[in-house]
Amino acid sequence: MGKPPKPSAGVILPDGLYHIAELKRILRWGRVSFAKARRAGLVILQLGRCSYVRGRDAIAYVEAHAKEEDP
């Protein structure tokens with residue numbers, strides 16, 4: 001049996017707006033994982049020099065690209 005999963009680093013709410021650094025922390029994504037998500041269509045909102053992601057877009061991306069696991 002593998003290691004038990006780590007507890008969640010946070011919650012993504014559909015109506016939330018997340019700075020990319022916060023989203024990467026919550027999802028435990030590194031630079032490469034985030035770059036792959038961007039190339040695969042994750043919507044990034046630019047406001048000045050800051051980049052944000054809508055919670056609903058992050059959830060949709062994860063649901064579309066996650067692997068189903070048997071309990």
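Laboratory data are not the source of any read-out in this text; all were calculated from the coordinates shown. Computed from a predicted model, the values in this text were never measured in an experiment. Backbone-built Cβ (ideal geometry, glycine too); neighbour counts: all protein chains shown.
If the condition is being assigned to a loop (DSSP other than H, G, I, E, B) and touching a residue at least 24 places away in the same chain (Cβ under 8 Å), then the stretch 10-47 contributes 12, 13, 14, 15, 16, 40, 44.
For the stretch 39-55, the set of residues classified as of a type in the set (D, E, K, R) and loosely packed, with under 15 Cβ neighbours inside 10 Å consists of 39, 49, listed by residue number.
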